[in-house]
């Protein structure tokens, strides 16, 4: 049974009503930077009341500038909407007691401290589960709690150690990281999935559990076909630039003015591509008639395609190929990508917050037909919700407390 208050009581203290499927659920968010905050923002968007417990110095990401919006880090703003911030010094017994009171009212706890970093405060899973056995407690680390416990949990390290960087970049060039902290994001998604699974199971068992994740395991899972190439097939993937190891054509191609991505996944798409290029015979050519044949003869096929693509601009080819259902896309900047999503009616930008503090943010990726997500709270200022959190703690019904 939940130790949190009902949705109506939470609304009375924290403000506007929540509409999402997790309305009435309380999350104690002891995480910082990216993987944990991204996870808890997804839960918050879905209606959970997320209490972001920060150190008195604040989440490290608050200082990660440029870029910024009115002096606030856009990195921080990207993963912290719909949350309520309170800053507490865990080394101070009175303030630590406030952390314990927040946990006592929560349904879910998310933390990404270094392994065993919370033991000295009595906030590790073993300690907390002794007095909150029904709590879903999620821990995110960089490389697990065994041999990798001392490795710093940075996404760039996971990209390097997982093999991701060995796959990224030109064939004969240096390895590159992805242009975003990809495995932080994937780990955050995995965390949200695991938490919801454990929370669902709790409804029948009445008992919580420890949900553990690390960047490296998420990275290897996220490498999907590339990691499976080695694990299942004994083949070690290598850098191929923009090419795909199993499909061709599947990369950017130069046109008369700029590159256009063409991504052919089957023989039917390839036949339509050839007709559009004015070379229908290529689809029947034994060098290119099957997926395996196109892979084996990709150098010659690329040359033939480039000769034909050079006759028109990328925008013209995009419209022509799109019309015959050949997967393709121009290479856009982030600004153009947002505008393209707007043109498609996907409404990628939403305002988080109300009144004099509305922050443009990127919308939650899931649509719910009955219980839509909402964006009632702008990313919080450090300790900006102390009064509300303390009022919530005062009004909550008595609950189990940590043993002295």
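The values are calculated or read from the model by the stated rules, or taken from the named source; none is laboratory data. All of these numbers come straight from a predicted model, not from anything done at the bench. Every residue, glycine as well, gets a Cβ built from its backbone with ideal geometry; the counts of neighbours run over all protein chains shown.
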message = Restricting to region 197-240, name every residue that is within 17 Å of residue 48 (Cβ to Cβ) and either in contact with a strand residue (DSSP E or B) (Cβ under 6 Å, 6 or more places away or on another chain) or in contact (Cβ under 8 Å) with a residue 60 or more places away in the chain (or both).
response = 198, 199, 202, 208, 211
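Could you go through region 262-269 and let me know if any residue there is in contact (Cβ under 8 Å) with a residue 40 or more places away in the chain, surrounded by fewer than 17 Cβ atoms within 10 Å (Cβ to Cβ), assigned by TED's automatic domain parsing to the domain that holds residue 285 and not in a helix (DSSP H, G or I). Break it down stepwise before answering.
Taking region 262-269 as the starting set, the residues that turn out to be in contact (Cβ under 8 Å) with a residue 40 or more places away in the chain are 262-265, 269.
Right, trim to surrounded by fewer than 17 Cβ atoms within 10 Å (Cβ to Cβ) and you get 263, 265.
Add one more test, that the residue is assigned by TED's automatic domain parsing to the domain that holds residue 285, and what stays is 263, 265.
Then keep just the ones that are not in a helix (DSSP H, G or I); that gives 263, 265.
Taking every residue of region 262-269 in turn, at least one turns out to be in contact (Cβ under 8 Å) with a residue 40 or more places away in the chain, surrounded by fewer than 17 Cβ atoms within 10 Å (Cβ to Cβ), assigned by TED's automatic domain parsing to the domain that holds residue 285 and not in a helix (DSSP H, G or I).
Going by the conditions given, is residue 150 part of a loop (DSSP other than H, G, I, E, B), more than 15 Å from the chain's Cα centre (by Cα) and within 21 Å of residue 115 (Cα to Cα)?
In short, yes.
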request  = Could you list, in sequence order, all residues of region 101-127 that are in a helix (DSSP H, G or I), over 21 Å from residue 390 (Cβ atoms) and touching a strand residue (DSSP E or B) at 6+ places or on another chain (Cβ under 7 Å)?
outcome  = 125
query = Does residue 383 meet the test of being more than 22 Å from the chain's Cα centre (by Cα), in the same structural domain as residue 106 (by TED's automatic domain parsing), within 20 Å of residue 27 (Cα to Cα) and in a helix (DSSP H, G or I)?
reply = no
message = For the structure I just gave you, tell me whether residue 130 is in a helix (DSSP H, G or I), touching a strand residue (DSSP E or B) at 6+ places or on another chain (Cβ under 9 Å) and farther than 18 Å from residue 29 by Cα.
response = no
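Would you check if residue 302 is closer than 27 Å to residue 262 by Cα and surrounded by 13 or more Cβ atoms within 10 Å (Cβ to Cβ)? I'd like the intermediate steps shown before the answer.
Numbers: closer than 27 Å to residue 262 by Cα: yes; surrounded by 13 or more Cβ atoms within 10 Å (Cβ to Cβ): yes.
Yes.
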